[in-house]
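The values are calculated or read from the model by the stated rules, or taken from the named source; none is laboratory data. Not measured: the values here are computed from a predicted model. Neighbour counts run over all protein chains shown; Cβ positions are idealised from the backbone, glycine included. Remember, those area values only see protein heavy atoms, side chains included, never the ligands or the DNA or RNA. Shrake-Rupley method; radii C 1.70, N 1.55, O 1.52, S 1.80 Å.
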Amino acid sequence: MAIIDIGIIGCGNISHSYLKGAARSQQVRVRAVADLRMESAQERAAEYGVQALTVDRLLTDPDIRIIINLTVPLAHPAVSLQIIEAGKHVYSEKPLATSYAEAQALPRAAAAKDLRVGCAPDTFLGAAHQACRRAIDAGRIGRPIAGSVFFASHGMEHWHPNPEFFFKRGGGPMLDVGPYYVTQLVNLLGPVARVAGQATMGSATRTVGSGSMKDSIIKVEVPTTLHGVLSFVSGASLTITTSWDVWKHRRLHFEIYGSEGSLLVPDPNFFGGEPLVTDHDGDWTQLDISAHPFGKPNRRTSSGAHVADYRIIGLLDMAAAIRDGRPHRASCELAMHVMEVLDAVERSSAEGRHVNIETPSSRPEPLPLGKGEEVFD
Ligand SMILES: NC(=O)c1ccc[n+]([C@@H]2O[C@H](COP(=O)([O-])OP(=O)(O)OC[C@H]3O[C@@H](n4cnc5c(N)ncnc54)[C@H](O)[C@@H]3O)[C@@H](O)[C@H]2O)c1
C-alpha cells in the first residue's frame, strides 16, 4: 500500500502511543502535529521528528488525507467536524462525543462529503480479543448466556498531569473506559438491545496528585460509579460496572458464561493477554493467541507490566478499507452504537426505566490471521 500522510490534532498524553505506532508502520507517516497549545505541538514534533503546525495549517495541508483527533472528549465532536469540513477523513479517540445526541452530527457530515469516520478503541483488533472472538464463533463455550464486566480503580487524578476533563461532561468512567469493554462485547456477542443502569458519585471533589496542577481541587460533575445490565439482541445478558471510587478489589475484568463453558477475556484496555476457556466445569486452559497479529507485549506500563499496545491499527484498517472500498472495523456505526449504550446506563438511572437501543450495529469482520500489519495489504 502506498504510504499515507496523516496529521494529529492533540499532543497530550496519548499522542505518544500514536506517534510510536505510526513510526513502526510501513503504511502511514505522520506529516504534522497540532495542538491548541503550540508549545505542546512543538515539543511532540521535536521528540518524533515531525512538523508542528497550527490547527488551521494542518487542516489545509493538501498532502494530509486522514487526521487523528486526540483532543479531550469535550472537544472531540467540534474538532472532528472541523476535520470533515476540511475534506479529510477523521479517526477520533474515544468517546466519539460527550453524548449520543451530540455524536449524531458526525456520520451525517461525513456522509455528505463521502468521508470516513473511525473511532477508538481498536484494542478489540488485538490478538487476545480476536482469539476470544474466534473461540466464541467456533462454539467453544456454546451459546453465550451471561457474563460480567468489571473495571474499578481510584482514578484518575493521582497520575494524569491534567485530569480535570475526566470529571467533567464527557468524562466519568463509563465514557472513559466503557468504550473498551462495550466495543469488545459487541465484537464477541453482537449488538445490545436494551440497558438498565444505576449511577452514583463517590465524592464531590478530587485533589490532583501530580504534575503542575498538584493539590488543586477538581469539582466532580459526573457519576463516578456506574452499573449497567446489558441485554443483547442474541438473548445474552451481562452486567457492567465501571468505577473510580474503588481503592482495591479482587474481581476479574471480563467473563462470559456460555451453555457449554466459560471464557475469561483479558482486559480490553490492551491488545494482548492470556484468555482462558473451560468446557463445562473442567480445568481452565489457555487459548493460543500466537496466530493472531498485534498481541506481543511491546510496552512497559508505569507499574512495570509488559503490555501489548498497538494503538493506531484501527486507523491502518480504515486506510486499507478506503483503498479497497470496504467497511472499516473501528467504524462510526460501531462507535455510535457503543456511545448510545454507554449513555443509556446513566439515562436509565436518571429516568428509572430500561432504555431501548436504537442505533443498528453489526459485529465487525474478524481480522485475518497473520504476523502484523501485512493483514491490511
Ligand atoms: N491518556 C491515556 O492513557 C489515554 C488512553 C486512551 C485514550 N485516551 C483518550 O485520548 C484523548 C486525549 O487524552 P490525553 O490523555 O492525551 O489528554 P491530554 O489532556 O493529555 O491531551 C489533550 C491535548 O489536546 C489539546 N486540545 C484540547 N482541545 C483542543 C482543541 N480544540 N484543538 C486542538 N487541541 C486541543 C490539549 O491542549 C492537550 O494537549 C481523550 O479522549 C482520552 O480519553 C487517553
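Counting only residues that are of a type in the set (A, V, I, L, M, F, W, C) and modelled with pLDDT under 95, segment 279-329 holds 1 of them. Counting only residues that are within 15 Å of the ligand (Cβ to nearest atom) and open to solvent by 20 Å² or more (accessible area, probe 1.4 Å), segment 83-111 holds 5 of them.
Considering segment 50-82, the residues that are in a helix (DSSP H, G or I) and near the ligand (Cβ under 8 Å from one of its atoms) include one that is most open to solvent (accessible area, probe 1.4 Å), namely Leu74. Please go through segment 247-264 and give me each residue that is out of contact with any Pro (no Cβ under 6 Å at 6 or more places or on another chain), open to solvent by less than 20 Å² (accessible area, probe 1.4 Å) and not aromatic (Phe, Trp, Tyr), ordered by number. Within segment 247-264, Gly261, Leu263 meet the criteria. Filtering segment 5-21 to residues that are open to solvent by less than 10 Å² (accessible area, probe 1.4 Å) and not in a strand (DSSP E or B) leaves Gly10, Cys11, Ser15, Tyr18, Leu19, Gly21. Within segment 22-43, if we keep just the residues that are under 23 Å from Gly87 (Cβ atoms), among the charged types (D, E, K, R) and not in a loop (DSSP other than H, G, I, E, B), the residue that is farthest from the ligand (Cβ to nearest atom) turns out to be Arg29.
Scanning segment 129-147 for residues that are part of a loop (DSSP other than H, G, I, E, B) and among the hydrophobic types (A, V, I, L, M, F, W, C) yields Ala138, Ile141. Leu175 meets each of the listed conditions (1) surrounded by fewer than 23 Cβ atoms within 10 Å (Cβ to Cβ); (2) within 13 Å of the ligand (Cβ to nearest atom); (3) part of a helix (DSSP H, G or I) apart from (1).
Total residues in segment 83-128 satisfying the condition of being assigned to a helix (DSSP H, G or I), under 13 Å from the mean Cα position of the chain (by Cα) and either of a type outside the set (S, T, N, Q) or modelled with pLDDT under 95 (or both): the figure is 2.
Here's the yes/no breakdown for (1) farther than 21 Å from Gly295 by Cβ; (2) in contact with a Ser or Thr (Cβ under 9 Å, 6 or more places away or on another chain):
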| site | (1), (2) |
| --- | --- |
| Ile83 | yes, yes |
| Gly87 | yes, no |
| Glu93 | yes, yes |
| Ala109 | yes, yes |
| Leu115 | yes, no |
| Arg134 | no, no |
| Ala138 | no, no |
| Gly142 | yes, yes |
| Ala152 | yes, yes |
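From the list Phe150, Phe166, the lone residue that is in a helix (DSSP H, G or I) and either within 16 Å of the ligand (Cβ to nearest atom) or at pLDDT 95 or above (or both) is Phe166. Residues that are free of Cβ contacts under 8 Å to residues at least 40 places away in the same chain, part of a strand (DSSP E or B) and of a type outside the set (A, V, I, L, M) within segment 201-230 comprise just one, Thr205.
Any residue in segment 92-107 that is at negative phi and among the aliphatic types (A, V, I, L, M) sitting within a Cβ distance under 9 Å of a residue that is near the ligand (Cβ under 10 Å from one of its atoms) and open to solvent by 30 Å² or more (accessible area, probe 1.4 Å)? List the pairs, counting only those 6 or more apart or interchain. Short answer, once both residue conditions are applied: none.
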